[in-house]
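What follows is a single structure, written as structure tokens, with notes after it.
The values are calculated or read from the model by the stated rules, or taken from the named source; none is laboratory data. Everything quoted here is computed from the prediction, not taken from an experiment. All Cβ positions, glycine included, derive from the backbone under ideal geometry; neighbour counts span all protein chains shown. To get the accessible areas, we keep the full protein, side chains included, count just its heavy atoms, and leave off ligands, DNA and RNA. Shrake-Rupley method; radii C 1.70, N 1.55, O 1.52, S 1.80 Å.
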Amino acid sequence: MKRKVDPAVAWAILAAALYAVNSPFSKLLLRKVAPTMMAGLLYLGAGIGMLLLIMARRLSHAQTNEKRLTRKDLPYTVGMVVLDIAAPIFLMLGLANTTSANASLLNNFEIVATSLIALLVFKEAVGRRLWLAIGLITLSSLILSFEDASSLEFSVGSLFVLLACVCWGVENNCTRMMSQSDPMEIVIIKGFGSGIGSLAIARVIGEPMPDPAYIPLVLLLGFVAYGLSIFFYVYAQRKLGAAKTSAYYAVAPFIGVALSLLIFREWPGFSFFAALLIMIAGTYLASTDAA
């Protein structure tokens, strides 16, 4: 008998595939757009794109049973926006100081951060396989974080990517607490709140406005890699929870690595492939955890 794929799992994997395009294409655009400005425009693209979709839904009079956000969601909404301002900025700074493939693989540390916070703060169940997966992913992340294993010189770029993962780990749990509400509304708040906040920071620190020709490209990337990805991610969280959704979402870095190798033709060293094998094992255990 053929086993049916759980729709929530399909949504999580689709969210991962959409997000996977972020690292390699952001790396390309960072040649023309400053990091904090890029982070703001990516989220703004997510908000604008989802606002257009929700307007189209209302104009078509399509019926929806989605719940609106309420006052009790306010603390999680604020936390979500603040963390979504910090995380992409850290990621863009990381991408500017390390390879796209390295950053893509390091993104899996988000599983560790999300799972630990889900367990310790929100009391989600974390099984033994997921604990082992967390250990393997952490080990892989440590390997990727050192430029030279012989001298143990820490990579600044990798540190920024890991900081982004921690921010997103906390933010995933904030979003989980609102996941019963309309995903479109959540993405719009994320997009405009985090986008405007990041753009304001960019101007305060003196980053220049990008060439207008590149702005539509960044906005489009933001709509796909952030907007649509978050939309399906929230749907997945409703059934799977924060820890489990992040485990399935772990397919994203591997797609990102493949795209990075194709686009940049950067052939990584031995430590990258050692970390890749460990990360694959950790991701498999995380995605097959039954807790």
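Some notes on this structure:
- Of all residues in region 53-77, those that are under 25 Å from VAL224 (Cβ atoms) and free of Cβ contacts under 8 Å to residues at least 12 places away in the same chain have Cβ atoms under 9 Å from Cβ atoms of residues that are part of a loop (DSSP other than H, G, I, E, B) and aliphatic (A, V, I, L, M), 6 or more apart or on another chain, in ALA56/ALA62.
- Some residue of region 60-80 being under 20 Å from ALA252 (Cβ atoms), among the charged types (D, E, K, R) and over 15 Å from the mean Cα position of the chain (by Cα): no
- Answer from ALA8, ALA46 - the residue that is among the aliphatic types (A, V, I, L, M), touching a Lys or Arg at 6+ places or on another chain (Cβ under 7 Å) and modelled with pLDDT under 85: ALA8
- Scanning region 191-214 for residues that are open to solvent by less than 90 Å² (accessible area, probe 1.4 Å), of a type in the set (A, V, I, L, M, F, W, C) and part of a loop (DSSP other than H, G, I, E, B) turns up just one, ALA213.
Residues checked against (1) open to solvent by 30 Å² or more (accessible area, probe 1.4 Å); (2) touching an Asp or Glu at 6+ places or on another chain (Cβ under 6 Å):
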{"residue": "MET80", "(1), (2)": "no, yes"}
{"residue": "ASN97", "(1), (2)": "yes, no"}
{"residue": "SER100", "(1), (2)": "no, no"}
{"residue": "SER104", "(1), (2)": "no, no"}
{"residue": "ASN107", "(1), (2)": "no, no"}
{"residue": "ILE117", "(1), (2)": "yes, no"}
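- Search result, residues across region 45-65 that are aliphatic (A, V, I, L, M), part of a helix (DSSP H, G or I) and either open to solvent by 30 Å² or more (accessible area, probe 1.4 Å) or touching a strand residue (DSSP E or B) at 6+ places or on another chain (Cβ under 8 Å) (or both): ILE48, LEU51, LEU52, LEU53, MET55, ALA56, LEU59
- Restricting region 33-44 to residues that are aliphatic (A, V, I, L, M) and open to solvent by less than 10 Å² (accessible area, probe 1.4 Å), the residue that is farthest from LEU83 (Cα to Cα): VAL33
- Looking across region 150-190, the residues that are assigned to a loop (DSSP other than H, G, I, E, B) and farther than 22 Å from PRO75 by Cα come down to SER150, SER151, LEU152, SER155.
- Every pair of residues 6+ apart whose Cβ atoms lie under 7 Å, when the first sits in region 220-232 and is of a type in the set (Val, Ile, Thr) while the second is part of a helix (DSSP H, G or I): VAL224/LEU18; ILE230/ALA46; ILE230/VAL187; ILE230/LYS190
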